[in-house]
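Nothing in this text is a laboratory measurement; each read-out follows from the coordinates by a stated rule. As the structure is a computational prediction, the values presented were derived from the model and not from experiment. Every residue, glycine among them, receives a Cβ derived from its backbone with ideal geometry; neighbour counts consider all protein chains shown.
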Amino acid sequence: METQQSVLLILLSVAYLLTCIDGQQAEISRNDFPDHFIFGTSSAAYQYEGATDIDGRKPSIWDTFTEEHPEKIADGSSGKVAQDFYNLYKSDIVDRLKVVGFDSFRLSISWSRVLPYGTIAGGVNHKGVRFYKSLIKTLIDNGIEPIVTIYHWDLPQALHDKYGGFLSPKF
């Protein structure tokens with residue numbers, strides 16, 4: 001996760017440097033963009049939420065992969081804590097997204113948080129549903145449009161075990 005933060009910092013630094021022309025900082029404002037331009041940011045549930053083993057969430061394919069193959073992750077980290085967005089989302093939205101002035105926030109659903117066993121028949125995790133409802137409400141209440149990615153490679157491990165993965169015709 002630290003590697004991702006370092007890459008983001010480098011990209012932001014390069015973007016800033018590119019705004020400097022002849023040693024002078026270029027002024028950029030919302031007025032430089034069309035009225036309908038949406039300023040936003042995004043996250044991916046596994047990389048950002050953390051809390052992988054609380055409130056009824058079951059393993060996803062990424063939990064299994066990072067646990068079984070930590071050597072394949074540059075810094076050996078997993079999503080167990082990540083940015084702890086699951087616990088900090090309200091302050092993250094108000095203290096970061098709103099202060100920066102973002103119009104939107106793209107999020108993904110951790111299906112192993114909502115459907116721990118991969119199917120409705122396996123049971124719906126109401127704590128997971130409440131989390132996403134509260135997250136979306138907090139965004140809206142703060143004037144930030146939620147944009148939801150339905151699937152961001154966060155398959156419940158139970159579905160992978162049952163069907164052999166996302167590409168299975170049985171899936």
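What to note about this one:
- Paramagnetic reach from N142 (point 7 Å along Cα→Cβ, amide N under 15 Å) across segment 31-66: 40-43, 49
- Stretch gain in nm, segment F65-D32, where the contour uses 0.36 nm per residue and the Cα spacing is subtracted: 7.5 nm
- From least to most packed, judged by other beta carbons within 10 angstrom and beginning with the fewest, F131, F166 follow the order F166, F131.
- Spatially proximal lysines relative to K98 (Cα-Cα < 28 Å; intrachain offsets below 8 disregarded): K80, K90, K127, K133, K137
- Legend: ranking of residues H36, H152, H69 from fewest to most surrounding C-beta atoms inside 10 Å; resulting order H36, H69, H152.
- Cα centroid of segment 126-141 to Cα centroid of segment 103-121, whole Å: 11
- Cβ crowding within 10 Å, taken as a proxy for footprinting-reagent exposure, orders F171, F85 from fewest neighbours to most as F171, F85.
- Computed about the Cα centre, the dipole magnitude for segment 31-163 is approximately 520 debye when only Lys and Arg (+1) and Asp and Glu (-1) carry charge, each at its Cβ.
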